[in-house]
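Let me begin by presenting the structure, written as structure tokens, before commenting on it.
Just so you know, all these numbers are worked out from the coordinates, no wet-lab data involved. The model shown is predicted, which means the values in this text are computed figures rather than measured ones. So basically every Cβ, Gly included, is an ideal-geometry build from the backbone, and we count neighbours across all protein chains shown.
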Amino acid sequence: MSNFDIYQLSEDHEALREAVREVSTDKIAPHAARVDEEAVFPQEAYEALRATDFHAPHVAEEYDGVGADALATVIVIEEVARACASSSLIPAVNKLGSMPVILAGSEDIKKRYLPKLASGESMFSYGLSEAGAGSDTAGMKCKAIEQADGSFVLNGQKSWITNAGVSDFYTVMAVTDPDGARGRNVSAFVVESSDEGFSVGPRNASSASKARQLRSCSSTTAPSPATE
């Protein structure tokens, strides 16, 4: 057996780990027990992460982000989780919610939403699961109906949405072709919390983390840009 590591982190990644660990230890850990006990959003952690650009490190530099690679983003999430599991959901869900925009959004949509995410002005959440289609996502009932002007109206409800009620932006999956092939008839949309007809329900209890802001979201008339 070899006496050396098969893989080692780069010096930059190790330096990042040390930096995130310091922030997490000094600014996040002292509040972890309280936010869990009170079941509130870890605002102090969010402020500390924003101040150090660790809240959404994956956003590319061209959209005013720091352009961290996937491994660096995982390190950020891991180190924050050492101090507070709930707080680690800030960078984790910011990436989850914005990845459809990054991967498939038009340039206009990227410029509209990613700089606000990168600056910490806004957060992203991800809306996929539904009460009647938790593991069977292809069976979702939320629909998006295209309007004459090319916009869409979403009608439906999403469940167990992390950071709902705190995030400004929500990537929501909805059926756009009811007669299309099952699982291939779904599109992604960005819904803003200020959109008409969008609402957030009461917080759902979470066995994993009491401070996790887990809620249902409903949309009845919210027009949203497609990320196709």
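Structural remarks
- Longest exposed-site-free window of the chain, the sites being chymotrypsin sites (Phe, Trp or Tyr not before Pro) in a DSSP loop that have at most 11 other C-beta atoms within 10 Å: 8-228
- Here the contact order of the chain, divided by its residue count and restricted to Cα pairs under 8 Å and six or more residues apart, works out to 19 percent.
- Residue-averaged 222 nm ellipticity for the chain, from DSSP H runs of 4+ at -39500 (n - 2.57), nearest 500: -11000 deg cm²/dmol
- For the chain, convex hull volume per residue from C-alpha positions, Å³: 155 Å³
- Semi-axis lengths, largest first, of the ellipsoid equivalent to segment 1-69 are 28, 20, 10 Å, with √(5λ) applied to each eigenvalue of the Cα gyration tensor.
- Here the convex hull built on the C-alpha positions of segment 6-140 has a volume of 147 cubic angstrom per residue.
- For segment 48-118, the Stokes-Einstein estimate of translational diffusion at 4 °C and a viscosity of 1.567 mPa s comes to 107 µm²/s, using the Kirkwood hydrodynamic radius over alpha-carbon pairs.
- Rg [Å, one decimal], Dmax [Å, integer] - segment 101-201, C-alpha atoms: 13.7, 41
- Excluding the site residues themselves, the longest part of the chain lacking any trypsin sites (Lys or Arg not before Pro) in a DSSP loop with at most 12 other Cβ atoms within 10 Å is 1-181.
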